[in-house]
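Here is the structure we will look at.
The values are calculated or read from the model by the stated rules, or taken from the named source; none is laboratory data. Predicted model, so just to flag it, every value in this text is computed and none were measured. Using ideal geometry, Cβ is built from the backbone for each residue, glycine included, and neighbour counts are taken over all protein chains shown.
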Amino acid sequence: MHIYFQLQRILLLALLVSFGVYAQSSSLKQLRDQLVATNGLRDADVTAVVSERALNDTVQRLSGLEIRLSNGAVMKINGIAIELKPAAALVKLGVQVDPSSKFKAANFRLWGKLGSGEIHGANLRLPFQLTDVAFGTEDSKSLSLMKLMLRDWLVPEKWNAALPPLEIPIQLNPTIDLPAATFESNGEMPMIVETPAYQVKLNFTLAALVMLNGRAVIALNLQPKNDPSAPATINSKEDETALTNEIEQLTQHLTLDRDVRFRIRKNAINSLLANLAAARDIDLTVKLKQGRLRAEEIDALIGKILNYTDVESGDGKADVARLSIEDITDTRIFVRLAGQGDLNAKVKGREYGVPYSLSPRGHFFISDELLPINITSRNDRVIVRAASGAVVPVKVNMTIDVIGRPFSFTRTVKLQADQWLKDFELPNIITQEIQLPRKITFSKTSEMNITSSETSRYTIANLRVEMKEEALELLADVR
């Protein structure tokens, strides 16, 4: 699930090109009201908290980005820095502007304030108000003639009118790829279990994007929720310090000791697991290994006779009907598993001294078994393993007709889950690359089009997995 850098890319584009004529709508008061109405974003299915340092590291990679406006003017980003505050991101841009063929390109420094995102229909709008403009670079000398010629561009309102507003679609559709896997179980009925590769698409709705002190928070829901409206504010003149303190209290659970913190609630994980269970009709392929299925010693006149049935080989297929998380504790996750399938086996044996060889059919069932699972990190990868000693009982029914005598076998095979679900590496949830735009154009209708992009790679370090409050959390540094 490569959601993190998709979200970060959205935030970067917003920081760069969300200029427009907006009122200062994302105030401290409105942010406080939004947090109160949404339980501090606790009810969001997925939340990503991104540090100011990580964002600044990423935006430095955008140096050289060209933005072509509908009037023909071209902006080239020379530098960008951001400072995250409650309800706003303070943005400083260094840009080179080629306003038209009549003038040479000129350098400007821009200062502005980006507010928290607001939902407008099917889009997320991030209000930006340009507050100051300076001509030249910080170390350039005063160029009075150029200032006179470009004096119109030294007025913030000129930029706010010329640059188009940015509205980002709130629908995100990440795809998760799970590789095929093979597990081996040794017991009463030894077998090899194989699972196919899966590709599952999720449909997220961007619920909120808010700025806090030193960090930004992005909230996603699997389905649009009817969140309660923010309560009407009676006192329109509230103390900013008091509002800031209240915001910090409402978001004290959205803190960071890494560059990024990714929280996924149980219901979001269960939605993914349900999609996995429904993605294929065949979820498990079973290959039977040689083993003794039954043995019976009979006292006869000539002595003791051993009747037995051995499995030589066989195969089967099964469909997982249920795969869901029942509980998340501080130490492990409990997964509920159910499924059924068919077996084709080749058996041989002896019955009262008469040898036989048959190819019976059978069925097997997994009936809502609870499997304890540990999730840890190792070498900055997420590792899933069944708890030590965990087993999955599988009920096997098989009927064999031997010399006119039907024998029905019911065996409960205890698959050693800690042997076949051992050190399984999950695919990267925090991807290690991001597509950064290099050229952006705007149409006359303010439609944004990324015409050129490049891949920028990252290194994930200090990955830590935590389980608490019915959610799975991933924390990592990004370099």
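Name every residue in the stretch 379-394 that is closer than 21 Å to L426 by Cβ, free of Cβ contacts under 8 Å to residues at least 40 places away in the same chain and assigned to a strand (DSSP E or B), in order of residue number.
Once the filter is applied, which keeps residues that are closer than 21 Å to L426 by Cβ, free of Cβ contacts under 8 Å to residues at least 40 places away in the same chain and assigned to a strand (DSSP E or B), the stretch 379-394 yields R385, A386.
Can you confirm whether P372 is assigned by TED's automatic domain parsing to the domain that holds E297, buried (at least 18 other Cβ atoms within 10 Å of the Cβ) and of a type outside the set (G, A, S)?
yes
Restricting attention to the stretch 37-89, and to residues there that are of a type in the set (S, T, N, Q) and in a strand (DSSP E or B), which single residue is nearest to the chain's Cα centre (by Cα)?
Only one residue fits best here, namely T47.
Condition first: over 27 Å from Y308 (Cβ atoms) and surrounded by 18 or more Cβ atoms within 10 Å (Cβ to Cβ). Now tell me which residues in the stretch 386-417 satisfy that.
Those that are over 27 Å from Y308 (Cβ atoms) and surrounded by 18 or more Cβ atoms within 10 Å (Cβ to Cβ): A386, A390, A417.
Every residue in the stretch 194-224 that is outside any strand (DSSP E or B), under 25 Å from A390 (Cα atoms) and in contact (Cβ under 8 Å) with a residue 60 or more places away in the chain, please.
Once the filter is applied, which keeps residues that are outside any strand (DSSP E or B), under 25 Å from A390 (Cα atoms) and in contact (Cβ under 8 Å) with a residue 60 or more places away in the chain, the stretch 194-224 yields only P196.
Would you point out which residue out of I119, I176 is surrounded by 15 or more Cβ atoms within 10 Å (Cβ to Cβ), more than 24 Å from G64 (Cα to Cα) and modelled with pLDDT of 75 or more?
Sole residue among the options that is surrounded by 15 or more Cβ atoms within 10 Å (Cβ to Cβ), more than 24 Å from G64 (Cα to Cα) and modelled with pLDDT of 75 or more: I176.
The rows are residues; the columns are (1) hydrophobic (A, V, I, L, M, F, W, C); (2) touching a strand residue (DSSP E or B) at 6+ places or on another chain (Cβ under 8 Å); (3) assigned to a strand (DSSP E or B); (4) not assigned by TED's automatic domain parsing to the domain that holds V392.
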position: N267; (1), (2), (3), (4): no, no, no, yes
position: R292; (1), (2), (3), (4): no, yes, yes, no
position: E297; (1), (2), (3), (4): no, yes, yes, no
position: D310; (1), (2), (3), (4): no, yes, yes, no
position: V320; (1), (2), (3), (4): yes, yes, yes, no
position: I325; (1), (2), (3), (4): yes, yes, yes, no
position: D330; (1), (2), (3), (4): no, yes, no, no
position: F334; (1), (2), (3), (4): yes, yes, yes, no
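Tell me, which residue of the stretch 431-479 that is among the acidic types (D, E) and modelled with pLDDT under 85 is farthest from I333 (Cα to Cα)?
The selected residue is E447.
Filter the stretch 264-312 down to residues that are aliphatic (A, V, I, L, M), within 30 Å of T399 (Cβ to Cβ), buried (at least 17 other Cβ atoms within 10 Å of the Cβ) and in contact with an Asp or Glu (Cβ under 8 Å, 6 or more places away or on another chain), then give me how many there are.
Counting residues in the stretch 264-312 that are aliphatic (A, V, I, L, M), within 30 Å of T399 (Cβ to Cβ), buried (at least 17 other Cβ atoms within 10 Å of the Cβ) and in contact with an Asp or Glu (Cβ under 8 Å, 6 or more places away or on another chain) gives 5.
Being at pLDDT below 85, of a type outside the set (F, W, Y) and assigned to a strand (DSSP E or B): is that true of T410 here?
Against the criterion (at pLDDT below 85, of a type outside the set (F, W, Y) and assigned to a strand (DSSP E or B)), T410 qualifies.
Please count how many residues of the stretch 313-357 are loosely packed, with under 15 Cβ neighbours inside 10 Å and farther than 30 Å from A279 by Cβ.
The number of residues fulfilling the criteria is 8.
Rundown of residues vs (1) touching a helix residue (DSSP H, G or I) at 6+ places or on another chain (Cβ under 7 Å); (2) outside any strand (DSSP E or B); (3) at pLDDT below 80; (4) of a type in the set (S, T, N, Q), yes/no style:
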site: L145; (1), (2), (3), (4): no, yes, yes, no
site: L148; (1), (2), (3), (4): no, yes, yes, no
site: W159; (1), (2), (3), (4): no, yes, yes, no
site: P165; (1), (2), (3), (4): no, yes, yes, no
site: I168; (1), (2), (3), (4): yes, no, yes, no
site: F183; (1), (2), (3), (4): yes, no, yes, no
site: G187; (1), (2), (3), (4): no, yes, yes, no
site: I192; (1), (2), (3), (4): no, no, no, no
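Before we move on, is K113 surrounded by fewer than 16 Cβ atoms within 10 Å (Cβ to Cβ) and either modelled with pLDDT of 80 or more or more than 30 Å from N213 (Cα to Cα) (or both)?
Against the criterion (surrounded by fewer than 16 Cβ atoms within 10 Å (Cβ to Cβ) and either modelled with pLDDT of 80 or more or more than 30 Å from N213 (Cα to Cα) (or both)), K113 does not qualify.
Which one of these is touching a helix residue (DSSP H, G or I) at 6+ places or on another chain (Cβ under 9 Å), within 28 Å of R61 (Cα to Cα) and loosely packed, with under 13 Cβ neighbours inside 10 Å: E433, E447?
Every option except E433 fails the conditions.
Quickly run through the stretch 51-66 and pick out the residues that are closer than 14 Å to M211 by Cα and acidic (D, E).
E52
In the stretch 55-67, what residues are among the basic types (K, R) and closer than 17 Å to L110 by Cβ?
Of everything in the stretch 55-67, nothing turns out to be among the basic types (K, R) and closer than 17 Å to L110 by Cβ.
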